[in-house]
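Engineer: I'd like to ask you about the structure that follows.
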Amino acid sequence: MNSFYKTVLDAMPSAVFVVDRDVRIVDFNVAASQMLANDAGSLVRPGVGDSLRCIHSTETAGGCGSSASCPDCVVRGSVVQSREGEKIVRQKVQMTADVGGKPTAKHFLVTTAPFASDGTTLVLLVLEDITELEALRRIVPVCSICKKIRDDRDYWSEVESYMKEHLSVDFSHSLCPKCAREFYPEYFDD
């Protein structure tokens, strides 16, 4: 790769991979090298899933691209969609990776863009780790007094309304034993 372009690639703060049609790594930048499995350099043109320790890449001897889950892979699908449609594709994905021997959910913003090189079409694959942002999105601010929930528009709504709108959950109302005794003592024999 031209040294100018390699310098530009390495200056990018996000993990950038150059992949072929089989989602095998052709090249990568410095930020991507920090995401790779320690033995990625010893693999012969490893698949992205092999290098990122995707749990599905170890399900078969063929590695990344050969398990029953691989046809549904968002990363693989984005690369194919970019190559075939000659367009930029941007999607979010949750991937389960083997981190220290434990399956761990990782969230990425995946961007793919095709480009021609020496008569073949390669794809630029950018992976931005948004795991922390996704975790923060799951934190729901609740008023400590009235228990209303604040939404993305800074509007405070009843728990029931919020749950119905965001999770399609309906509620039925009842009383717990403690509240029933406190508010309707006449119905209880002590």
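The values are calculated or read from the model by the stated rules, or taken from the named source; none is laboratory data. Because the structure is predicted, anything quoted here is derived from the model rather than measured. Ideal geometry is used to build each Cβ from the backbone, glycine not excepted, and the neighbour counts take in all protein chains shown.
Engineer: Quick check: anything in the stretch 20-31 farther than 12 Å from LEU124 by Cα and under 19 Å from the mean Cα position of the chain (by Cα)?
Structural biologist: For the stretch 20-31, residues farther than 12 Å from LEU124 by Cα and under 19 Å from the mean Cα position of the chain (by Cα): present.
Engineer: Would you say THR121 is at pLDDT 90 or above, touching a Pro at 6+ places or on another chain (Cβ under 8 Å) and in the same structural domain as THR60 (by TED's automatic domain parsing)?
Structural biologist: So THR121 fits the description; yes.
Engineer: Which of the residues that make up the stretch 78-96 are in a strand (DSSP E or B) and surrounded by 18 or more Cβ atoms within 10 Å (Cβ to Cβ)?
Structural biologist: VAL89, MET95
Engineer: List the number of the failed condition for VAL8; all other conditions in (1) at pLDDT 90 or above; (2) surrounded by 14 or more Cβ atoms within 10 Å (Cβ to Cβ); (3) among the aliphatic types (A, V, I, L, M) hold.
Structural biologist: Just one mismatch for VAL8, condition (2).
Engineer: If I ask for residues that are exposed (fewer than 15 other Cβ atoms within 10 Å of the Cβ) and not in a loop (DSSP other than H, G, I, E, B), which ones from the stretch 56-77 would you list?
Structural biologist: Of everything in the stretch 56-77, those that are exposed (fewer than 15 other Cβ atoms within 10 Å of the Cβ) and not in a loop (DSSP other than H, G, I, E, B) turn out to be THR58, PRO71, ASP72.
Engineer: Could I ask something else about it? How many residues, within the stretch 47-81, are under 18 Å from PHE28 (Cα atoms) and in contact with a Ser or Thr (Cβ under 6 Å, 6 or more places away or on another chain)?
Structural biologist: 5
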